[in-house]
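Reviewing the structure listed below.
The values are calculated or read from the model by the stated rules, or taken from the named source; none is laboratory data. Since this is a predicted model, take the numbers as computed values, not measurements. Note: ideal-geometry Cβ built from the backbone for every residue, glycine included; neighbour counts use all protein chains shown. Areas reflect the complete protein model, heavy atoms only, side chains present, ligands, DNA and RNA absent. Shrake-Rupley method; radii C 1.70, N 1.55, O 1.52, S 1.80 Å.
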Amino acid sequence: MIVVKGLSKKFKDVEAVKDISFTVNDGEIVGLLGENGAGKTTTLRMLATMLKPTKGTAFINDYSIIEEPQKVRKEIGILFGGEVGLYDRLTARENIEYFGKLNSMDEKDMKDSINELIDKFQMEEYIDRRVGKFSRGMKQRVAIARSIVHQPTVMLFDEPTTGLDVTAAKIVHDFILQCREEGKSIIFSSHSMQEVERLSDRIIIIHKGSIMDEGTIDYFKKKYEKDNMEDIFIQLVGEKR
Amino acid sequence: MSITSIVYKKELLDIFRDKKTLVAAILIPFLLYPIMFGFMGKGIKGTTSFMEKEDGIEIAMIDNDDSEIGEIIKAQKNIKIKESDNMLEDVKAGKLLLGIEIPQGFDENIATEQEANITIVFDNTSQKSNMVMSYINEIIDQYSKDIVTRRLENKKIDTNILNPINTVTKSPEKEESGFGKLMLSLMLPMMLVIFASSGPIASAVDLGAGEKERGTLEPLLTTQASRMSLLWGKFLAITTMGIITSLAFIGGLAISMKTSPEAFGYGVEGTTFALEPKALIIIAVITILLTMVFGALALAISIYARSFKEAQTYLTPLSFIGMIGFTSYFIEPKNMSTVFLHIPIVNTVAIIKELTLGIFNITHLAIVFIWMFIYIGLSIAFARYMFSKEEVIFRT
Ligand SMILES: Nc1ncnc2c1ncn2[C@@H]1O[C@H](COP(=O)(O)OP(=O)(O)OP(=O)(O)O)[C@@H](O)[C@H]1O
Ligand SMILES: [Mg+2]
């Protein structure tokens with residue numbers, strides 16, 4: 001469960017995130033929708049304790065991101081878009097193990113967890129090969145396995161499908177849905193309306209650091225009397241220009 | 001297993017699987033000196049060896065009277081007399097190394113104790129010609145000493161009149177080892193400082209900016225590992241690589257002293273470079289400490305950079321700082337000003353120089369060690385500051 005309370009972040013002269021509050025329940029997927037520079041990455045980085053909020057706070061399973069960042073990090077798994085973020089010269093297994101160890105897992109739990117992940121993502125063929133020469137799809141699976149090796153209950157995805165082809169994107173989408181099945185609380189950011197509509201239980205529209213509106217797809221369609229989420233988004237964001 | 005040692009092991013594994021870093025950190029340092037000094041030695045040999053070859057020195061000589069000195073020169077095995085119509089032109093064109101003109105009546109002038117002249121034509125811009133010039137001069141010098149001796153004997157004067165002062169030299173070190181120590185005290189401090197400053201760079205680039213470029217930094221920062229333990233693991237891995245690089249350099253240097261002694265000046269062959277074990281250990285410790293300072297600085301700068309390329313650009317000046325090691329040529333440890341002991345790097349140079357000369361000055365050692373620990377503290381604090389700054393970690 002994620003509870004965000006008045007979270008703000010200011011970089012020198014840019015107010016990247018302005019006083020946002022929302023909640024994500026267990027087993028719920030919340031889509032964070034916004035244009036470039038809306039503040040999505042900044043928000044997720046604050047939740048992941050990489051950035052310190054200027055004001056406000058958030059709680060991950062009741063742990064404060066400010067007071068107990070280490071405990072928060074035990075609860076979260078992240079999958080950020082762009083580079084897959086693997087060490088090319090390590091094997092898939094070594095990559096995953098490294099993060100298991102850094103998350104203070106004991107040897108046995110980690111072995112079990114990795115074996116389970118190998119099965120789940122069909123990686124037996126290449127688990128002991130170096131990542132450098134993998135296809136993007138293979139790398140994607142390794143990165144996903146790496147993000148949940150320590151069995152987090154909260155997942156943060158930042159534009160996880162940017163730069164991926166259809167097959168690789170599907171791997172990620174299936175994974176996000178699977179996480180919901182397992183009862184995890186999930187936030188994922190995107191600027192693809194389609195993706196957000198398909199996956200999210202609830203949508204938060206963020207623009208220039210502020211939340212414009214949030215709710216289910218039905219809520220948006222009723223409130224704005226439009227059938228197309230894209231038009232609704234343009235209307236919301238356009239008003240503020 | 002502590003987080004620091006997990007990070008340390010992973011980083012070393014990663015580095016040792018990287019051919020690029022291995023080449024830069026081990027292979028090149030190891031081969032640099034043997035190749036460099038190999039060429040230098042060959043060059044030096046090449047320019048001197050012709051002097052020893054039979055008929056290796058081609059000169060022209062005008063000596064119509066077949067004078068005594070002319071015969072002596074001709075009799076040298078390594079000298080070959082060639083014909084020349086215009087000695088000056090031929091020397092200038094490089095066809096001859098030197099030309100000698102002995103005027104008519106030369107022997108007669110000597111016999112009658114009149115002035116006797118020899119003209120030598122040589123190319124003062126050519127190293128070979130200069131060498132031949134001094135070689136011929138030596139022969140003439142020797143000949144003129146013989147004449148002086150003969151004349152004095154004719155006049156019944158003791159030849160010792162020519163040597164009013166006789167010098168006898170004594171040094172605290174045996175002659176050969178004294179030279180070796182001098183060489184060592186000049187070169188070792190300089191080399192070690194350069195190694196310590198440039199050794200950590202290659203791996204620091206990979207372990208700092210590399211994480212950003214690969215996109216591994218964000219997942220790394222969201223593990224339970226604290227930033228300090230990440231920093232320590234990386235710092236120790238970089239220091240280890242720095243030490244390995246220094247060892248590769250030293251190994252290469254030792255090999256090139258064996259394979260190309262000419263490049264180190266004559267006399268190195270027979271000299272001993274042995275250091276007292278005590279000095280060796282202290283020098284090793286100081287070099288490691290200095291490597292740590294540079295390792296922490298390199299890591300701090302590397303994490304600031306956005307990419308490999310940027311990191312390489314920022315880190316190159318660090319190896320220039322190591323060039324301060326050249327001050328070892330100016331520092332005279334036996335009577336240096338203590339101010340040197342308070343100037344970063346210069347103090348390292350000074351203390352290593354002292355140690356190579358067998359001086360153990362406890363006060364000096366204490367001062368330098370205290371400074372070393374201050375530098376390490378400061379540079380780690382700097383790296384720590386950089387690791388904790390959002391502006392640095394997420395610089396865009
Ligand atoms: N480290 C930083 N230092 C200074 N300004 C920053 C930093 N990170 C982000 N910003 C600024 O904060 C604002 C929000 O950026 P953010 O990356 O959170 O947006 P985003 O919604 O993720 O955009 P995108 O869709 O392009 O990823 C932007 O104006 C950006 O320039
Ligand atoms: Mg973003």
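Using a Gaussian network model on chain A with a 10 Å cutoff between Cα atoms, which of A:SER192, A:SER104, A:SER210 fluctuates the most?
Greatest mean-square fluctuation among the candidates belongs to A:SER104.
DSSP H helices in chain B with Cα extent of 27 Å or more along the helix axis and mean Kyte-Doolittle hydropathy at least -1.0?
Span-like helices, by this rule, are B:28-49, B:127-154, B:175-198, B:227-259, B:277-304, B:362-388.
For an R0 of 35 angstrom, estimate the FRET efficiency from the Cβ-Cβ distance between A:SER135 and B:VAL392 and round to the nearest 0.05.
0.55
What's the magnitude of the charge dipole for the protein assembly as shown around its Cα centre, counting Lys and Arg as +1 and Asp and Glu as -1 at the beta-carbon? Answer in Debye, nearest 20.
That gives a dipole near 2460 debye.
Identify the trypsin sites (Lys or Arg not before Pro) of the range A:11-86 meeting these criteria: DSSP loop state and at most 16 other C-beta atoms within 10 Å of the C-beta.
In loop regions of the range A:11-86 (DSSP not H, G, I, E or B), the sparsely surrounded trypsin sites (Lys or Arg not before Pro) are A:LYS12.
Specify which residue in the list B:GLY56, A:GLN235, B:GLY377 is farthest towards the positive end of the charge dipole of the protein assembly as shown, using unit charges on the beta carbon of Lys, Arg (+1) and Asp, Glu (-1), about the Cα centre.
Positive-end residue among those listed: A:GLN235.
Nearest 0.05, what FRET efficiency do A:GLN122 and B:ARG227 give at R0 = 30 Å with Cβ-Cβ as r?
Approximately 0.30, to the nearest 0.05.
How much length would be gained if the chain were fully extended between B:ASN124 and B:GLN104, taking 0.36 nm per residue of separation minus their Cα-Cα distance, in nm to one decimal?
4.6 nm
How many percent of the accessible area of chain A is carbon or sulfur, using a 1.4 Å probe?
Answer for chain A: carbon and sulfur cover 46 percent of the accessible area.
Between B:THR338 and B:ILE370, what is the label-point separation in nm under the 7 Å Cα-to-beta-carbon projection?
According to this spin-label approximation, the distance is 1.0 nm.
So what's the Cα pair-distance distribution over chain B, bin width 20 Å, in %?
22, 36, 25, 14, 3, 0
With a cap of 10 neighbouring Cβ atoms within 10 Å, and only residues DSSP puts in a loop, list the GluC sites (Glu not before Pro) found in the range B:1-64.
B:GLU52, B:GLU54
Multiply the residue gap between B:THR313 and B:SER171 by 0.36 nm, knock off their C-alpha separation, and tell me the result in nm, one decimal place.
46.3 nm
Give a quick list of GluC sites (Glu not before Pro) in the range A:149-202 that DSSP marks as loop, anything other than H, G, I, E or B, with at most 16 other Cβ atoms within 10 Å.
The qualifying sites are A:GLU182.
I'd like the FRET efficiency for B:LYS74 and B:PHE330, computed as 1/(1 + (r/R0)^6) with the beta carbon distance as r and R0 of 60 Å, rounded to 0.05.
Efficiency computed from Cβ-Cβ geometry: 0.80.
Toward the positive end of the charge dipole of the protein assembly as shown, about the Cα centre and with charges on Cβ (Lys, Arg +1; Asp, Glu -1), which of B:ALA202, A:ASN115, B:LEU27 goes farthest?
Checking the options against the dipole of the protein assembly as shown, the answer is A:ASN115.
Rounded, prolate or oblate: which one fits the protein assembly as shown, using the alpha carbon gyration tensor with axes a ≥ b ≥ c (rounded when a/c is under 1.5, else prolate when a/b beats b/c, else oblate)?
Note, shape of the protein assembly as shown comes out prolate.
Among B:SER185, B:MET131, B:ILE110, whose Cα lies farthest out toward the positive end of the dipole of the range B:104-198, if unit charges sit on the beta carbon of Lys, Arg (+1) and Asp, Glu (-1)?
B:SER185
When the helix-only estimate is applied to chain B (DSSP H runs of n ≥ 4, each -39,500 (n - 2.57), divided by the residue count), what is the mean residue ellipticity at 222 nm, nearest 500 deg cm²/dmol?
-20500 deg cm²/dmol
Which order, highest average first, do A:153-163, B:205-215, A:111-121 follow once you tally other Cβ atoms within 10 Å for each residue and take the mean per peptide?
Result, highest mean Cβ count within 10 Å first: B:205-215, A:153-163, A:111-121.
Assigning unit charges at the beta carbon (Lys, Arg +1; Asp, Glu -1) and nothing else, what dipole magnitude in debye, to the nearest 20, does the range B:53-162 show about its Cα centre?
That gives the range B:53-162 a dipole magnitude of about 440 debye.
Give me the one-decimal Kirkwood hydrodynamic radius in Å for chain A, with the sum taken over alpha-carbon pairs.
18.5
Would you mind calculating the gained length between B:GLN142 and B:LYS155 on full extension (0.36 nm times residue separation, minus the Cα-Cα distance), in nm to one decimal?
Contour length minus the Cα-Cα distance gives 2.7 nm.
Just which residues of the range A:83-109 lose 30 Å² or more accessible area with every protein chain there, against their chain alone, with the probe set to 1.4 Å?
Going by heavy-atom accessible area, the residues of the range A:83-109 that drop by at least 30 Å² are A:GLU83, A:GLY85, A:TYR87, A:ARG89, A:LEU90, A:GLU94, A:TYR98, A:PHE99, A:LYS101, A:LEU102, A:ASN103.
Using Cα positions and a limit of under 15 Å, work out the aspartates and glutamates in reach of B:LYS19, with same-chain residues fewer than 8 apart set aside.
A:ASP88, B:GLU11, B:ASP206
Describe numerically, in nm with one decimal, the distance between label points set 7 Å from Cα along Cα→Cβ at B:LYS19 and at B:SER2.
Here the modelled spin labels are 3.7 nm apart.
With a ≥ b ≥ c taken as the square roots of the eigenvalues of the C-alpha gyration tensor of the range B:94-189, please select rounded if a/c is under 1.5 and otherwise prolate if a/b is larger than b/c or oblate if it is not?
It is oblate, given that a/c is not under 1.5 and a/b is not larger than b/c.
What residues have an amide H closer than 5 Å to that of A:ALA58, excluding those fewer than 5 places away on the same chain, when H is modeled at 1.01 Å from N in the peptide plane?
Those lying under 5 Å, H to H, from A:ALA58 are A:LYS5, A:ILE65, A:ILE66.
Using a Gaussian network model on chain B with a 10 Å cutoff between Cα atoms, which of B:THR48, B:THR356, B:THR125 fluctuates the most?
B:THR125
What does the highest-first list of B:88-100, B:281-293 look like by mean Cβ count within 10 Å?
Peptide ranking by packing, descending: B:281-293, B:88-100.
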